[in-house]
Amino acid sequence: MGARMLDGTAVGLAIRNELRPAVDAFTARAGRPPGLGIVLTGSDPGSELYVGSKLKSAAQSGLRADLTRLPATARLADVFAAVDALNASDVHDAILVQSPLPAALGGDAERQVVDRIAVDKDVDGFHPMNVGRLVQGRPTLAACTPSGVIELLDRYQIPMAGRHAVVIGRSDIVGKPMALLLLHRHATVTICHSRTVDLPAVCRQADILVAAIGRPVFVTPAFVKPGATVIDVGTSKVDDRELIASLFPVGSKRRLAFEKHGALTLGDVHPAVAEVAGAMTPVPGGVGPLTIAMLLRNTLTAAEHRLAARC
Ligand code: GUN
């Protein structure tokens, strides 16, 4: 039997519809909508796409969203100046500096920039203060993608307490906060990474398997316990015709999309996992829309906290 597909598009839309009255109430109270400032440095095609969807969704939900664009040649001081301006802005409650920053800024640039964002406007929850709050289970702005995964599991009533959750990937953006959020929901959590010995065997213990490594179709049925819930956070643009041909038969919807665009976005999870898993997220249309819904929710939360702090 095929896995149940967890529809992130529908859940994301439901969350955004639920947010609307609260956004309108904030706007009426504050005399302005909640405001999100996004900083995009360079023109990485993936980032352009993500930022475009974030801006569009924010506007549709009644939020103010402004983009500060910096060239790929920007210096760290230019990124700092963009962040400083948003920190000082009265109409921006939330700040997001899109990752990745250009490699030329140096390996430590992302951390230096995150450290610069005002803690109460850190909509990604990446500032060390917000990460510390997350570790201790205190209320905080938590990273959007992992928060979206928890929301999806909740809405499909997939239990976490007492279950074994395995997270593949230990990034600051997804893997680590994902593991912490699952821990706070009383799952037994294992984090796997490139040095994990016998990765498929560890993953086969999972009731909930989260893949966040950015390696297309890496997670095969050999990684999956029958009936497990598999969450695919990966999005990789793939133009390898041979790989696509091996995954999707001629005439299938995805193969036709590849023929049309010359590339496909693939997740970390192999499509054949659908024959073993009990439930799984598609790519696209799984975790992505939830990330955006959580970004909007965090923006509203940040705005409400800032307003309350003034009263
Ligand atoms: N790049 C990919 N995902 C994210 C995210 O959640 N936040 C930011 N700031 N950059 C990203």
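For region 136-160, a residue qualifies if it is in a helix (DSSP H, G or I) and over 25 Å from Leu36 (Cα atoms), and the qualifying residues are Leu153, Asp154, Arg155. For Ala142, the criteria (1) within 13 Å of the ligand (Cβ to nearest atom); (2) exposed (fewer than 14 other Cβ atoms within 10 Å of the Cβ) hold in every case but one, which is (2). The set of residues in region 34-46 that are open to solvent by less than 40 Å² (accessible area, probe 1.4 Å) and either within 18 Å of Lys121 (Cα to Cα) or at pLDDT below 95 (or both) comprises Pro34, Gly35, Leu36, Gly37, Ile38, Val39, Leu40, Gly46. Residues in region 284-311 that are closer than 20 Å to Ala10 by Cα, away from the ligand (no atom under 14 Å from the Cβ) and crowded, with 23+ Cβ neighbours inside 10 Å: 1 in all. Just for region 116-132: of the residues that are within 14 Å of the ligand (Cβ to nearest atom) and farther than 18 Å from Val174 by Cβ, which one is surrounded by the fewest Cβ atoms within 10 Å (Cβ to Cβ)? Among them, the one singled out is Arg116. The residue pairs whose first member lies in region 94-111 and is among the acidic types (Asp, Glu), whose second member is within 11 Å of the ligand (Cβ to nearest atom), and whose beta carbons are closer than 9 Å, counting only pairs six or more residues apart or on different chains, are Glu110/Val97; Glu110/Ser99; Glu110/Pro100; Glu110/Leu101; Glu110/Phe126; Glu110/Asp172. Could you say whether any residue in region 145-152 is more than 13 Å from the ligand (Cβ to nearest atom) and closer than 20 Å to Leu63 by Cβ? Yes. Taking region 63-84 as the range and being assigned to a helix (DSSP H, G or I) and touching a residue at least 40 places away in the same chain (Cβ under 8 Å) as the test, the residues that pass are Val79, Ala82, Val83. For region 269-304, the set of residues classified as part of a helix (DSSP H, G or I), over 16 Å from the mean Cα position of the chain (by Cα) and over 17 Å from Arg64 (Cβ atoms) consists of Pro271, Ala272, Val273, Ala274, Glu275, listed by residue number. For region 97-111, taking the residues that are closer than 15 Å to Phe126 by Cα and out of contact with any Asp or Glu (no Cβ under 9 Å at 6 or more places or on another chain), the one that is farthest from the ligand (Cβ to nearest atom) is identified as Asp108.
Name the residues in region 47-106 that are open to solvent by 60 Å² or more (accessible area, probe 1.4 Å), closer than 25 Å to Val23 by Cα and small (Gly, Ala, Ser), would you? Listed by number, the residues that qualify are Ala59, Ala85, Ala88.
Conditions tested, residue by residue: (1) modelled with pLDDT of 95 or more; (2) hydrophobic (A, V, I, L, M, F, W, C); (3) over 21 Å from the mean Cα position of the chain (by Cα).
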{"position": "Ala201", "(1), (2), (3)": "yes, yes, yes"}
{"position": "Thr229", "(1), (2), (3)": "yes, no, no"}
{"position": "Asp239", "(1), (2), (3)": "yes, no, yes"}
{"position": "Ile244", "(1), (2), (3)": "yes, yes, yes"}
{"position": "Val250", "(1), (2), (3)": "yes, yes, yes"}
{"position": "Leu256", "(1), (2), (3)": "yes, yes, yes"}
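Applying the criterion of at least 2 residues that are of a type in the set (Lys, Arg) and open to solvent by 70 Å² or more (accessible area, probe 1.4 Å) to the helices (runs of 4 or more DSSP H) found wholly in region 172-268 leaves 253-261.
The values are calculated or read from the model by the stated rules, or taken from the named source; none is laboratory data. Just so you know, these numbers come straight off a predicted model, no measurement behind them. Backbone-built Cβ (ideal geometry, glycine too); neighbour counts: all protein chains shown. Ligands, DNA and RNA are stripped out before the accessible areas are found, and what is left, the full protein with its side chains, is counted by its heavy atoms. Shrake-Rupley method; radii C 1.70, N 1.55, O 1.52, S 1.80 Å.
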